[in-house]
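These notes are about the structure you will find just below.
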Amino acid sequence: MRNTKLFVLGLFCLLAACGQADQSVKVDDAWVRATKPGQEVAAGYMTITSKEDASLFKVESDDIGKVEIHSMSMNNGVMEMRMLDEIALEKGKPYKLEPGGFHLMLFDIKKPLTVGNNVKFKLYLKDATGKVSTLEVSSPIREGEPK
C-alpha cells in the first residue's frame, strides 16, 4: 500500500513538472480551413491570450504530418510567407492567427479535413523562465472564414 501511495505521489509530481496543461493560456476562435480531395496543405487559425509573457514554439497534431507557424506580409507588392521558430505572447494581449497574417500551416494532411469535424492540436508553450507546458486545442473545420 505504501509503495502505491509513493507511486501515485511520484506520478503526480512528474506530471506537474512536465507542465502537461497550461492554465495561463486561453485559446479562442480556433478553426481550420476545409480541404478538397487530394489537397495536402491547409491552414489553421486561433486567438491566443496568455496571462504572462510566453512563447508558442511548436504545434503538433495526430491528424497532420507537420504543423509550422507562419507569417504572411506584403513586401514590394509581393505576398511573402515565412516559417517562424516561435511567436512571442505578450501578457494579456490577444495574438491573432488569422487569414492573411500569422497562421498555422498544415502539411502532409493524413485524411481530408471535412466540415463538421475537428482537428486536435497540441500547443507547446514556454514561459519567461523557460518552463515548457502544453495545451490541447480542438479546432472545428470550416469552409471559409467564420461568420
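Bear in mind these aren't lab numbers, they're just calculated from the coordinates by the rules spelled out. Bear in mind that the values here come from a model prediction, so they are computed numbers and not experimental data. All Cβ positions, glycine included, derive from the backbone under ideal geometry; neighbour counts span all protein chains shown.
Some values worked out for this structure:
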| quantity | calculated |
| --- | --- |
| Under 5 Å, built H, 5+ apart or other chain: amide partners of LEU113 | THR35 |
| Interchain or long-range residues, amide H under 5 Å from GLU52's placed H | GLY92 |
| Value in Å of the Kirkwood radius, where the stretch 73-147 supplies the Cα pairs that are averaged | 15.2 |
| At most 15 other Cβ within 10 Å, DSSP loop - trypsin sites (Lys or Arg not before Pro), the stretch 31-64 | LYS51 |
| Violating pairs (Cα-Cα greater than 32 angstrom) within the set LYS36/LYS96; LYS36/LYS126; LYS51/LYS120; LYS96/LYS131 | LYS36/LYS126 |
| Loop trypsin sites (Lys or Arg not before Pro), the stretch 60-130, which have at most 11 other Cβ atoms in a 10 Å radius of their Cβ (DSSP) | LYS110 |
| Charge dipole (debye, nearest 20) of the stretch 23-94; +1 at Cβ of Lys and Arg, -1 at Cβ of Asp and Glu | 180 |
| 5 angstrom amide H check on ALA30, placed H, neighbours 5+ away | THR47 |
